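Every number in this text was worked out from the coordinates using simple rules, so none of it is lab data. Quick caveat: nothing in here was measured; it's all calculated off a predicted structure. Cβ: placed from backbone, ideal geometry, glycine included. Neighbour counts: every protein chain shown.
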Amino acid sequence: MELSAESRALVESCKAFDRFADDDGIVCIPRVNREKPAANRLLEVLAGAYGKEWFSHTISELLSASDWANKLGATVRVNAAKALKDKLELILKGEAPYDIFVRWKSLA
C-alpha cells in the first residue's frame, strides 16, 4: 500500500499505543484475574495520548466537555423530534405532498 510520508509517520506514532493492547482483546469493566479494571486502563490510554499535556485535572476538563456535548446532542435530538412531529402532523392533515396511504393488512 502506498502511503504518504505523513501517513507513515502517523502509523509509526500509533505503535506507541501497542503497550496498552491486551492479549485477549477483552477489556472487562471490573478487575478480572490480574487485569486492571477498564476505568484504569482508559486513564492510562488517555494519559498516553495526551503525553506531556496530561495533568490530573485533564479528566475533569474532558468530562465537562462531554457534558456540554451531551447537552448539545440533546438539543439536536429535541429539534429533530420537533421536525418529525411537524411532518407527522402534515401527514395526518393529508395535504399534498404528505397525502400518503399505508395498507396495514393484506388484500386477502
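Structure above, values below:
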quantity	calculated
Backbone HN-Hα couplings from phi across segment 87-93 [Karplus 6.51/-1.76/1.60, Hz, Gly and Pro as x]	5, 5, 5, 5, 5, 4, 5
Whole-Hz couplings from phi, Karplus 6.51/-1.76/1.60, listed for segment 77-84; x for Gly and Pro	5, 5, 5, 5, 5, 5, 5, 4
Net lengthening on full extension, S56/V27 (0.36 nm per residue, minus Cα-Cα)	8.1 nm
In order through segment 59-74: 3J(HN,Hα) via Karplus (6.51 cos²θ - 1.76 cosθ + 1.60), integer Hz, x for Gly, Pro	5, 5, 5, 5, 5, 5, 5, 5, 4, 4, 5, 5, 5, 5, x, 5
Neighbour-count ranking [beta-carbon atoms within 10 angstrom, fewest first] of K15, K87	K15, K87
Nearest-0.05 FRET efficiency for K15 and R41, computed from C-beta distance (R0 25 Å)	0.85
Sequence-separation-based contact order of the chain, relative, with Cα cut under 8 Å and 6+ spacing, percent	11 percent
Dipole of the chain, positive direction: furthest Cα of A81, Y50, G25, with charges on the beta-carbon	A81
Kirkwood-based Rg to Rh ratio, segment 5-54, C-alpha trace	1.07
Gain upon complete extension [L84, R34; 0.36 nm per residue less C-alpha separation]	13.0 nm
Rounded to whole Å, sorted largest first: equivalent-ellipsoid semi-axes of the chain, Cα gyration tensor	48, 21, 20
Net charge contributed by nearby residues that have their C-beta within less than 15 Å of K85 (K/R +1, D/E -1)	+2
Cα-centred dipole magnitude for the chain, charges only on beta-carbon of K, R (+1) and D, E (-1), debye, nearest 20	560 debye
Kirkwood-type radius of segment 29-71, with distances r between different C-alpha atoms, in Å	11.7 Å
